[in-house]
Structure formats: C-alpha cells, structure tokens
Amino acid sequence: MFEITDCNEKDIDRIYDGLVKSIFESVPELQKNKHFKIHKKIADENGTVIAGCIAEGYWWNAVYVDSLWVDERYRNRGLGSALLCEVEKIAAQNGCNIVHLDTFDFQAKDFYIKRGYEIFGTLENSPEGHCRYYLKKALIQP
C-alpha cells in the first residue's frame, strides 16, 4: 500500500530531476538548450521600482513571462510595452521563437492582444466568475 505525504525540499528536487531525466531521454537534443532569466525593471528618479517583468527562457526555444507589472500611477505611458519589447528582443537574440504567458479577464488581456499575442487557451471560472487566458506570440529571429 502506498501513502501520499507532503514533500520536503529534497523530495521536490528528486521529482524535478526525475522529470528532467525523462524528458532528456525522450528528446535528447534538449540538453543543449539553456535556461536563462530575463528580469527587467524600470525605476523612478529616486530608484523606486515602478514597473518590472519577470521572464525565463527554457527548453523548446520558448520564453515564459511570469509577471509584468506597472505601478498604477505610471500606467498608459508605454512602460509595460517597453518592458515586453525588451523581453521579446532578448528572447529572439537567444534563439527563442515563441513567448507565452497568462493573464485574467480583469488584468491585461487586451494589452497583450494589441501587442500581437493571440489566445490559445482559456480556463473558465478561475477564479469563480472570471476567466484566465493563455496567450502566445511568435518571435522573428534577428
């Protein structure tokens, strides 16, 4: 009989390592791909961060944008667009051909669509009464 219990950090590492090993056995050419971070910020004259983007490049020549944020007082000034363009540029320079992300109906879906992203999936009622959108954008190599 098996028992389900909570993981500790060592267990989490074992699970990730097992998954990565399995992926490399199925698609060995992925071993040459590198993971890289694209973390960018914009600060005001006092050095306070007013906007930022957290993204990561990974296998399959893709970049995932985890977070893009602009302080309310600085919205509609092009800061979010500038950060997204910078991430896309760095991604393309690193050989990536796609960027993907997710957002909610109460966040920035239209912002991303205006910048060439297209919806490829939705998760309805997450959270209840709302929709989560998954978007992607193909990149042009430099």
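As a summary of the residue check, C85 satisfies the conditions (1) free of Cβ contacts under 8 Å to residues at least 40 places away in the same chain; (2) closer than 30 Å to N125 by Cβ except for the one numbered (2).
The residues of region 4-43 that are part of a loop (DSSP other than H, G, I, E, B), farther than 30 Å from G80 by Cβ and not hydroxyl-bearing (S, T, Y), listed by number, are I4, D6, C7, N8, V27.
With respect to the conditions (1) within 30 Å of G80 (Cα to Cα); (2) under 22 Å from the mean Cα position of the chain (by Cα), N46 falls short on a single one, namely (2).
Taking the criterion of being of a type in the set (F, W, Y), buried (at least 16 other Cβ atoms within 10 Å of the Cβ) and touching a Leu at 6+ places or on another chain (Cβ under 8 Å), the residues of region 87-132 that qualify are Y112, Y117. Evaluated against (1) of a type outside the set (G, A, S); (2) within 14 Å of the chain's Cα centre (by Cα); (3) modelled with pLDDT of 95 or more; (4) within 20 Å of E118 (Cα to Cα), C96 falls short on exactly one condition, (3).
With respect to the stated conditions, G57 fails to be under 21 Å from F104 (Cα atoms) and surrounded by 14 or more Cβ atoms within 10 Å (Cβ to Cβ). If I go through region 52-82 residue by residue, how many of them are in a loop (DSSP other than H, G, I, E, B) and under 12 Å from K41 (Cβ atoms)? So the count comes out to 1. Under the condition of being among the acidic types (D, E) and touching a Lys or Arg at 6+ places or on another chain (Cβ under 6 Å), the residues counted in region 74-101 number 1. Elements of the type strands (runs of 3 or more DSSP E) sitting completely within region 85-142 and holding at least 2 residues that are among the β-branched types (V, I, T): these cover 98-104, 118-124.
The values are calculated or read from the model by the stated rules, or taken from the named source; none is laboratory data. Just so we're clear, the structure is a prediction, and the values are computed from it rather than from any experiment. Counting neighbours? That spans all protein chains shown, and the Cβs are built from the backbone with ideal geometry, glycine included.
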